[in-house]
Amino acid sequence: MYTEASTVDAQMLAALKENMAVIRFDLDRNIQYVSELFAAAVGYPVATLLKMRHEDLCFDDFLNSKQYEEMWRNLKNGKAYRDKIKRKARGNRVLWLEATYMPIKENGRITGVMKIAVDITERTTTILNMASHLNEVTQQLNEQSNLGADTTQSLLEQVQQMATISSNHLTHITLLEERASNIKSLIQTIRSIASQTNMLAINASIEAAHAGKHGAGFSVVAKEVRRLANEVDETTVNMNTRVQLMLQELDAITADVSVMTAAITKSSEQVNTTFSEFQQIHLLSKDVKAQSDQLNKII
């Protein structure tokens, strides 16, 4: 048994009214019909809605856009419109709809527009809130990563400055060691000369003794030379001991500076690693923000 086409149409229309938010406009954008589901979604009684126009359910940003007039122009030309749309419910409450606008034709002529929609406000609001929260977290992450990168960069510069100072100290210590070694060599030379002078003085004393009374004056000079040679030898021994102690101190300082230089080098490497990690976090936050912005555009 076949059902008449008019009966099928009636059944389809009844199914739409029961399950979808349905509204009809004339070409002047006046509301001509509203289903109970649509009225419930926007929060107005059906009788009130029948006295309203399409723009009464739109926010100013959409009304004042080029897209608004373009949508109606296309509808009048027989082109349907489908999209996720933001509409103004009672009390300026935001209503999100998954909607399709369809031109209505009678005898081949467009006489009105019917819209069928599904209320997706709860789902869309949840997604928007998540995207907004994600943007806030991303912004905070970006700010913290920038601050961390700036702080790390400043610390890196300080560490590098310390490394330079440490290197300069090590250079100066090495130079002092070289000079101390030169002084030690000079002392050895002086001691050698003093020793030779002392030997000459001893030989002169022996010759003076052989000369008897004629060598008395020469003997006095020889004794004085020998005394001075002994004093020089004692002084050089004392200087050598001090220089040796200075060299030991320099060796200890050099070892400490070398340890400090190694620690600074390691710290510099760690700071560089931290700086790179902050840069990665910054790039990641930018990527997350881009994805969040894309999500907002999709919605």
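The values are calculated or read from the model by the stated rules, or taken from the named source; none is laboratory data. All of these numbers come straight from a predicted model, not from anything done at the bench. All Cβ positions, even for glycine, are placed from backbone atoms using ideal geometry, and neighbour counts span all protein chains on display.
Some values worked out for this structure:
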{"read-out": "Of all residues making up segment 50-78, the number that are out of contact with any helix residue (DSSP H, G or I) (no Cβ under 6 Å at 6 or more places or on another chain), within 17 Å of Tyr33 (Cα to Cα) and in contact (Cβ under 8 Å) with a residue 24 or more places away in the chain", "value": "4"}
{"read-out": "Qualifying residue in segment 7-25 (condition: loosely packed, with under 12 Cβ neighbours inside 10 Å and at pLDDT 95 or above)", "value": "no"}
{"read-out": "Number of positions in segment 27-64 that are hydrophobic (A, V, I, L, M, F, W, C) and in a loop (DSSP other than H, G, I, E, B)", "value": "5"}
{"read-out": "Meets criteria (assigned by TED's automatic domain parsing to the domain that holds Lys115 and touching a residue at least 60 places away in the same chain (Cβ under 8 Å)) for Lys84", "value": "yes"}
{"read-out": "Residue within segment 34-46 that is at pLDDT below 95, polar (S, T, N, Q) and within 18 Å of Leu13 (Cα to Cα) present", "value": "yes"}
{"read-out": "Unmet criterion (only one of (1) at pLDDT below 95; (2) touching a Pro at 6+ places or on another chain (Cβ under 9 Å)) for Lys79", "value": "(1)"}
{"read-out": "Selected residue (criterion: nearest to Leu27 (Cα to Cα)) from residues of segment 86-115 that are in contact with a Ser or Thr (Cβ under 9 Å, 6 or more places away or on another chain) and buried (at least 20 other Cβ atoms within 10 Å of the Cβ)", "value": "Lys115"}
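Results for (1) within 24 Å of Leu128 (Cβ to Cβ); (2) of a type in the set (Phe, Trp, Tyr); (3) over 53 Å from the mean Cα position of the chain (by Cα), shown as yes or no for each residue.
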position	(1), (2), (3)
Thr7	no, no, yes
Glu18	no, no, yes
Asn30	no, no, yes
Cys58	yes, no, no
Tyr68	yes, yes, no
Asn74	no, no, no
Asp83	yes, no, no
Gly91	yes, no, no
